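Structure first, then comments.
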Amino acid sequence: MNLDAAAADRTMAPLPLVAELRQLLGADAVTTDPDDLRAWGRDWTRVAEPRPCAVCWPRDTAGVVAVVRLCGHHGVSIVPSGGRTGLAGGALAAAGELVLSLDRLRDLGPVDPLGRTVAVGAGVPNQLVQEHCAPHALWWPVELASKGSCSVGGNLATNAGGVRVIRYGHARQWVVGLDVVTADGDVLRLGGACLKDNVGPDLKQLFIGSEGTLGVITAATLRLAPLPGPTIVALVAVASATAALDVLAAARAAGIDLMAFEFVSSLCLDRVHAHTGLPRPFGVQGSDAVLVEWIGDDTGWLERLARTTSVPALLGLTRADARRLWQYRERVTESLGSDGAPHKNDIAVAVPAIAALARDIETLWAPRQEGVALAVFGHLGDGSLHINALRPGGVTEADWAARCRRADEALYDLVVKHGGSIAAEHGVGLVKQPYGAWTGTAAAQALRRALKLAFDPRGLLNPGKGPCG
Ligand code: FAD
Ligand code: MLT
Ligand code: ZN
């Protein structure tokens with residue numbers, strides 16, 4: 001069956017569906033108001049106009065089951081929606097789909113300090129999980145700058161990365177159980193608080209990172225970590241991303257327990273300065289920086305490095321200073337977006353390969369992007385970078401799209417040459433769909449497609465999106 005064709009047939013809002021949804025969920029849980037459709041039919045990207053047929057907000061798993069079954073009956077596609085902070089267009093409903101928002105599934109179960117788990121609803125914002133667990137000196141170590149708005153369900157559906165991957169890994173490593181509603185409207189309870197279950201394959205891991213294409217996550221039991229002890233934050237001036245790797249090497253050689261290692265180019269720092277009013281960190285324009293956070297009170301490794309390389313570094317020894325330094329990293333995305341959405345790239349290679357990739361980008365690829373400002377930042381310590389191309393004035397949308405397409409293909413050739421991924425943490429969504437040829441062998445792609453057919457043969461869930469789309 002051709003899933004794309006099946007999806008294309010379902011672009012009109014069937015009025016009986018809306019009426020039946022209202023009956024099922026209540027009038028205040030369904031909208032077709034044009035302003036609501038625009039606001040709830042999109043994520044953070046601006047790659048297409050939202051055009052959902054309606055938005056609905058079930059309150060619990062039973063409500064999600066009812067919505068999925070009703071959509072199956074009417075043949076209307078569903079876009080699962082969390083905090084809508086996604087950067088790949090995964091929660092964008094541009095083809096008459098129903099937006100199924102998990103926003104009202106906000107149960108927060110008691111924290112289990114013995115097993116170190118907590119059960120939460122899919123719509124709970126990431127930051128609320130942290131606030132809920134903090135009194136027990138525990139946290140869910142998935143931290144990203146969108147933490148106030150992004151949801152646990154969205155974090156799991158995208159297998160979110162963030163600024164703590166260097167120590168804790170991705171979201172999928174911090175899940176014990178998952179409740180999922182399938183495309184047929186069945187409820188799968190995959191694990192719970194039981195930490196050990198080797199009845200494989202591990203089905204819950206198939207839903208994590210599948211971007212709402214295989215099922216709708218309604219609840220999760222999360223694994224928690226002890227809150228780390230006191231940390232130090234430093235913002236270190238560096239000449240380039242490749243030069244920043246000397247700082248990583250020094251930290252590793254000294255046995256430093258890194259909590260974050262994040263690169264911010266000078267252009268990003270300029271944009272943060274202009275947008276937020278924060279002073280330039282090093283007083284002058286022109287220096288790239290790396291933000292390092294580590295556990296403990298050892299600053300000797302950085303002092304030794306500063307003596308040999310004379311790099312300026314700002315130390316955040318108090319919580320307030322540390323928070324201030326983090327602003328230079330955490331506010332990059334909003335600052336770049338304040339002047340029109342940049343064209344984003346989200347790439348990664350194995351950590352030992354990042355120096356060679358960064359060098360290729362600096363010497364082979366970037367010089368060919370004439371007239372385009374490149375704002376580069378990201379999780380350098382994980383081998384991952386975000387390359388944001390800023391659209392120059394006077395370039396039409398069509399020319400810009402064609403130019404970005406050529407630039408992306410050249411960049412992805414380099415990423416593949418170095419054995420990396422073109423979708424490191426934001427997912428495939430809609431924006432990476434045209435680049436399947438850079439996402440693994442034909443055999444791997446065929447298996448993903450077979451998974452989609454097995455889980456959702458009618459293509460009801462987020463058609464045309466994600467790794468299985
Ligand atoms: P949404 O945007 O609502 O949805 C994302 C995808 O998940 C969509 O495909 C949607 O259909 C699906 N989905 C959502 N909820 C469910 C559900 N319950 N069941 C099934 N499918 C579902 N990402 C990172 O990885 N690392 C970062 O460091 C990072 N930093 C960011 C900083 C900023 C300022 C912003 C704006 C974004 C950042 N992101 C980052 C991207 C984004 O926050 C993450 O992808 C996040 O995990 C998305 O969560 P969400 O709830 O907003 O999901
Ligand atoms: C980040 O690391 O801050 C994000 O992934 C957001 C972005 O790429 O803009
Ligand atoms: Zn990121």
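Can residue 361 be described as part of a strand (DSSP E or B), touching a residue at least 24 places away in the same chain (Cβ under 8 Å) and away from ligand 1 (no atom under 14 Å from the Cβ)? Lay out the reasoning, then the answer.
Details: part of a strand (DSSP E or B): no; touching a residue at least 24 places away in the same chain (Cβ under 8 Å): yes; away from ligand 1 (no atom under 14 Å from the Cβ): yes.
Answer is no for this residue.
When segment 391-428 is examined, which residues are found to be over 23 Å from the mean Cα position of the chain (by Cα) and in a loop (DSSP other than H, G, I, E, B)?
If the condition is that a residue be over 23 Å from the mean Cα position of the chain (by Cα) and in a loop (DSSP other than H, G, I, E, B), then 392, 393, 394, 395, 396 are the ones that fit.
Under 9 Å between Cβ atoms, which residue pairs at least 6 apart in sequence (or on different chains) link something in segment 392-406 that is under 13 Å from residue 47 (Cβ atoms) with a partner that is among the charged types (D, E, K, R)?
Filtered contacts from segment 392-406: 397/391; 400/391; 404/391.
Kindly establish whether residue 458 is open to solvent by 30 Å² or more (accessible area, probe 1.4 Å), assigned to a helix (DSSP H, G or I) and modelled with pLDDT of 95 or more.
Details: open to solvent by 30 Å² or more (accessible area, probe 1.4 Å): yes; assigned to a helix (DSSP H, G or I): no; modelled with pLDDT of 95 or more: yes.
Judged against the criteria, residue 458 is not a match.
Filter segment 182-200 down to residues that are part of a loop (DSSP other than H, G, I, E, B), closer than 27 Å to residue 113 by Cα and in contact with a helix residue (DSSP H, G or I) (Cβ under 8 Å, 6 or more places away or on another chain), then give me how many there are.
The number of residues fulfilling the criteria is 1.
Any idea how many residues of segment 420-436 are within 14 Å of ligand 1 (Cβ to nearest atom) and at pLDDT 95 or above?
So in segment 420-436, the residues within 14 Å of ligand 1 (Cβ to nearest atom) come out as 421, 423-433.
Those left that are additionally at pLDDT 95 or above: 421, 423-432.
Of the residues in that region, 11 qualify.
Of the residues that make up segment 383-392, is at least one more than 18 Å from residue 241 (Cβ to Cβ) and open to solvent by 70 Å² or more (accessible area, probe 1.4 Å)? Give the steps one after another, and end with the answer.
Quick first cut of segment 383-392, residues more than 18 Å from residue 241 (Cβ to Cβ) only: 391-392.
Filter once more, so that each one left must be open to solvent by 70 Å² or more (accessible area, probe 1.4 Å): 391.
Scanning segment 383-392, I find at least one residue that is more than 18 Å from residue 241 (Cβ to Cβ) and open to solvent by 70 Å² or more (accessible area, probe 1.4 Å), so the answer is yes.
Within segment 195-214, how many residues are on the phi < 0 side of the Ramachandran plot and touching a Pro at 6+ places or on another chain (Cβ under 9 Å)?
Step one: list which residues in segment 195-214 are on the phi < 0 side of the Ramachandran plot, which gives 195-208, 210, 213-214.
Next, only the ones that are touching a Pro at 6+ places or on another chain (Cβ under 9 Å) stay: 210, 213.
Of the residues in segment 195-214, 2 are on the phi < 0 side of the Ramachandran plot and touching a Pro at 6+ places or on another chain (Cβ under 9 Å).
For segment 1-67, list the helices (runs of 4 or more DSSP H) that sit wholly inside it and hold at least 3 residues that are of a type outside the set (S, T, N, Q), surrounded by 15 or more Cβ atoms within 10 Å (Cβ to Cβ) and modelled with pLDDT of 95 or more; which are they?
Values: elements: 3-8, 15-25, 34-40.
In segment 1-67, 15-25, 34-40 are the helices (runs of 4 or more DSSP H) which contain 3 or more residues that are of a type outside the set (S, T, N, Q), surrounded by 15 or more Cβ atoms within 10 Å (Cβ to Cβ) and modelled with pLDDT of 95 or more.
Any residue in segment 277-297 that is farther than 27 Å from residue 355 by Cα, in contact (Cβ under 8 Å) with a residue 12 or more places away in the chain and touching a helix residue (DSSP H, G or I) at 6+ places or on another chain (Cβ under 9 Å)?
yes
Yes or no: residue 219 part of a strand (DSSP E or B) and within 24 Å of the chain's Cα centre (by Cα)? Please lay out each step first, then the result.
Working: part of a strand (DSSP E or B): yes; within 24 Å of the chain's Cα centre (by Cα): yes.
The answer is yes for residue 219.
Looking at residue 370, is it away from ligand 2 (no atom under 12 Å from the Cβ) and surrounded by fewer than 17 Cβ atoms within 10 Å (Cβ to Cβ)?
Numbers: away from ligand 2 (no atom under 12 Å from the Cβ): yes; surrounded by fewer than 17 Cβ atoms within 10 Å (Cβ to Cβ): yes.
It is true that residue 370 is away from ligand 2 (no atom under 12 Å from the Cβ) and surrounded by fewer than 17 Cβ atoms within 10 Å (Cβ to Cβ).
Considering each of 407, 423, 401 in turn, give the residue that is within 16 Å of ligand 2 (Cβ to nearest atom) and more than 24 Å from residue 98 (Cβ to Cβ). First the steps, then the outcome.
On the way: 407 fails: within 16 Å of ligand 2 (Cβ to nearest atom); 401 fails: within 16 Å of ligand 2 (Cβ to nearest atom).
Only one candidate passes the filter, namely 423.
To keep it simple, each residue is scored yes or no on (1) over 29 Å from the mean Cα position of the chain (by Cα); (2) within 16 Å of ligand 3 (Cβ to nearest atom); (3) within 20 Å of residue 243 (Cα to Cα).
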residue	(1), (2), (3)
292	no, no, yes
316	no, no, no
328	no, yes, yes
340	no, no, no
345	no, yes, no
348	no, yes, yes
352	no, no, yes
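Give the residues of segment 209-226 that are over 17 Å from residue 454 (Cβ atoms), out of contact with any His (no Cβ under 9 Å at 6 or more places or on another chain) and either modelled with pLDDT under 95 or not hydroxyl-bearing (Ser, Thr, Tyr) (or both), sorted by residue number.
Within segment 209-226, the subset over 17 Å from residue 454 (Cβ atoms) is 217-226.
Retained after the next criterion (residues that are out of contact with any His (no Cβ under 9 Å at 6 or more places or on another chain)): 217-223, 225-226.
Those that are over 17 Å from residue 454 (Cβ atoms), out of contact with any His (no Cβ under 9 Å at 6 or more places or on another chain) and either modelled with pLDDT under 95 or not hydroxyl-bearing (Ser, Thr, Tyr) (or both): 217, 219, 220, 222, 223, 225, 226.
The values are calculated or read from the model by the stated rules, or taken from the named source; none is laboratory data. All values reported here derive from a predicted model rather than from experimental measurement. Here Cβ is always computed from backbone atoms with ideal geometry, including for glycine, and neighbour counts include all displayed protein chains. Quick note on the areas: whole protein, heavy atoms, side chains included, nothing else; ligands and nucleic acids left out. Shrake-Rupley method; radii C 1.70, N 1.55, O 1.52, S 1.80 Å.
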